[in-house]
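Student: A single structure is presented below for examination.
The values are calculated or read from the model by the stated rules, or taken from the named source; none is laboratory data. Just so it is clear, the structure is predicted and the values come from calculations on it, not from any experiment. Ideal geometry is used to build each Cβ from the backbone, glycine not excepted, and the neighbour counts take in all protein chains shown. Please note that ligands, DNA and RNA were not included when accessible areas were found on the heavy atoms of the full protein model with its side chains. Shrake-Rupley method; radii C 1.70, N 1.55, O 1.52, S 1.80 Å.
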Amino acid sequence: MTKPNLEVASPVPDHLPKHVAIIMDGNGRWAKNRLLPREAGHVRGISAVRKVVRAAREIGLQYLTLYTFSTENWRRPESEVRHLMGLFRRYCRADVEKLHAHNVRVRFIGARSGLAPDIAEIIESAEDLTAGNTALNLSFAFNYGSREELADAARRLAREAQAGRLDPDGITAAVFGGSLQSAGLPDADLVIRAGGERRLSNFLLWQSAYAELIFVDKLWPDFDREDLLAAINEYARRDRRFGGISANERVAAFGSDDQRIAKAAVDAG
């Protein structure tokens, strides 16, 4: 979980993660540092979202998920929550058409119940409009909490089993994952958290089981394309073993793919 060097310009690596997820933290502190109201930090955070989405589209990321509004965020002061909902309305109305024009598919993960009717309609309209797009799969975790997502999946499967439509012994990890709000999204390869904190904060707990974690001190409103690329380059340098052994160790133990092919040809001859 080393911090990437964000001071040196980063190239686009050959090996990109398939799914990048970002915890966008630090809007309030950014505003406080400038003696501004917290709302000013959220407005500036929207600008950072646009920069990062544009960069993701340009470099060819397949999946990008942004932690936009958590279930815990409802505990914030009413005025701040009202402002955040207003920003959401304006952002979607202003940007979804542009995203659609750039072949970006938009989806939302999180609870739909309890949302204002117009917000629920905005979400559904954005998903319907962009459903056929293929360039970038952009997901917003909105009214989202990973523990509640897991509990919701468990309840759904329990009801299926109780009704006799599902054998409890047939509930595999794949079946469980397919019952999550994020069903259809691949597991996260890289989770980036801006703002200096070192925790996941109830974000994609199931989906991040084997994700690389990178924590960046920069507050979210200052996060940009270069920070995204620096994190992706750090990801590309890491050796992802998934409980096995490293690539170098595999070659030492079993030889390279070319060596194994050559040996098989000799043995067959």
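Student: Can you find a residue in segment 4-17 that is in contact with a strand residue (DSSP E or B) (Cβ under 8 Å, 6 or more places away or on another chain), at pLDDT 95 or above and open to solvent by less than 10 Å² (accessible area, probe 1.4 Å)?
Tutor: The answer is yes; a qualifying residue exists.
Student: Here's another thing I want to ask about it. Scan segment 170-181 and give yes if some residue there is of a type outside the set (Phe, Trp, Tyr), in contact with a strand residue (DSSP E or B) (Cβ under 6 Å, 6 or more places away or on another chain) and exposed (fewer than 14 other Cβ atoms within 10 Å of the Cβ), otherwise no.
Tutor: No, segment 170-181 has no match at all.
Student: What number of residues within segment 125-140 satisfy the criterion of being out of contact with any strand residue (DSSP E or B) (no Cβ under 9 Å at 6 or more places or on another chain) and either on the phi > 0 side of the Ramachandran plot or among the acidic types (Asp, Glu) (or both)?
Tutor: 1
Student: Output the number of residues of segment 110-153 satisfying the condition of being without any contact (Cβ under 8 Å) to a residue 60 or more places away in the chain and of a type in the set (S, T, N, Q).
Tutor: Matching residues across segment 110-153 total 5.
Student: Let me ask something else. Working carefully through the options 194, 188, find the one that is touching a Phe, Trp or Tyr at 6+ places or on another chain (Cβ under 6 Å) and hydrophobic (A, V, I, L, M, F, W, C).
Tutor: 194
Student: Please enumerate the residues belonging to segment 116-152 that are of a type outside the set (Ser, Thr, Tyr), touching a helix residue (DSSP H, G or I) at 6+ places or on another chain (Cβ under 6 Å), surrounded by 19 or more Cβ atoms within 10 Å (Cβ to Cβ) and outside any strand (DSSP E or B).
Tutor: Answer for segment 116-152, where residues must be of a type outside the set (Ser, Thr, Tyr), touching a helix residue (DSSP H, G or I) at 6+ places or on another chain (Cβ under 6 Å), surrounded by 19 or more Cβ atoms within 10 Å (Cβ to Cβ) and outside any strand (DSSP E or B): 122, 126, 145.
Student: Follow-up question, since we're still on this one. Starting from residues that are under 27 Å from residue 186 (Cα atoms) and acidic (Asp, Glu), keep the ones in segment 47-97 and report whichever is least open to solvent (accessible area, probe 1.4 Å).
Tutor: Step by step, filter segment 47-97, then rank; the result is 95.
Student: Right, next: Please work out if residue 113 is open to solvent by 50 Å² or more (accessible area, probe 1.4 Å), over 30 Å from residue 236 (Cβ atoms) and either touching a strand residue (DSSP E or B) at 6+ places or on another chain (Cβ under 8 Å) or modelled with pLDDT under 95 (or both).
Tutor: For residue 113, the condition - open to solvent by 50 Å² or more (accessible area, probe 1.4 Å), over 30 Å from residue 236 (Cβ atoms) and either touching a strand residue (DSSP E or B) at 6+ places or on another chain (Cβ under 8 Å) or modelled with pLDDT under 95 (or both) - is met.
Student: Can you pull out every residue in segment 204-213 that is surrounded by fewer than 22 Cβ atoms within 10 Å (Cβ to Cβ) and touching a strand residue (DSSP E or B) at 6+ places or on another chain (Cβ under 9 Å)?
Tutor: The answer is 208, 211, 212, 213.
Student: Got at least one residue in segment 80-93 being acidic (Asp, Glu), at pLDDT 95 or above and more than 19 Å from residue 50 (Cβ to Cβ)?
Tutor: Taking every residue of segment 80-93 in turn, none turns out to be acidic (Asp, Glu), at pLDDT 95 or above and more than 19 Å from residue 50 (Cβ to Cβ).
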